[in-house]
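Comments concern the structure below.
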Amino acid sequence: MSERTEGERPAGRLAWPAQGTLTSGFGPRWGRMHEGIDIAGSHGAPIIAAEDGEVVQVNEGYGGGYGKYVVIYHGGGLSTLYAHNSGNAVSVGEKVKRGQVIAYMGSTGNSTGVHLHFEVRINGVPRAPLEYL
C-alpha cells in the first residue's frame, strides 16, 4: 500500500509507529471489522509511541488474538494500541514520550506474519488510524 518511516507526521498529530509497509487498512475485512491498520516490517524492529502518554495495559500472552500488546492513554479520550509484538519494552503506569521505543515487531497471537497492528481509539471506540497519523 505505502511506505512510511517511524516518527513521520504528514497528515495528523500522531507519529507513524513503526517503519514498514502498510498492508491492511481500517474497515471490514473477511466478514468482520478490522479495527486498525497493519504495518509489515522486520522481526524485532522497534515500535514507538505515537504520542506522549501513560501505559495503561501491557499483555505478555495471547491477548484475545492480539498477542503481546501495549495500550497507551494520551489524554482527551485518545488511546493507541500496538499489537502482535515480539516483546514489550514498557510497564503499566510508565509515562512515555512520543518516539520512545515501547515494543518490538513480531507475530504473536492471531497473526499470519510479522507486523504491527495499530489502533486509535477515542473514548474506547476504534477510529481510522490514518486520519490521525
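The values are calculated or read from the model by the stated rules, or taken from the named source; none is laboratory data. If you're wondering where the values come from, they're calculated on a predicted model, not measured in any experiment. Note: ideal-geometry Cβ built from the backbone for every residue, glycine included; neighbour counts use all protein chains shown.
General remarks:
- Failed item, numbered, when GLY27 is tested on (1) surrounded by 16 or more Cβ atoms within 10 Å (Cβ to Cβ); (2) touching a residue at least 60 places away in the same chain (Cβ under 8 Å); (3) closer than 18 Å to PRO126 by Cα: (1)
- Hey, TYR132 among the aromatic types (Phe, Trp, Tyr) and surrounded by 21 or more Cβ atoms within 10 Å (Cβ to Cβ) or not: no
- When the criteria are applied in full, GLY61 meets the requirement of being without any contact (Cβ under 8 Å) to a residue 40 or more places away in the chain, out of contact with any His (no Cβ under 7 Å at 6 or more places or on another chain) and surrounded by fewer than 20 Cβ atoms within 10 Å (Cβ to Cβ).
- Among the residues of region 23-31, not a single one is at pLDDT 95 or above and in contact with an Asp or Glu (Cβ under 7 Å, 6 or more places away or on another chain).
- Single residue of region 5-22 satisfying the filter (outside any loop (DSSP other than H, G, I, E, B) and surrounded by 15 or more Cβ atoms within 10 Å (Cβ to Cβ)) that is modelled with the highest pLDDT: ALA18
- Total residues in region 75-101, condition closer than 15 Å to PRO126 by Cβ and buried (at least 19 other Cβ atoms within 10 Å of the Cβ): 6
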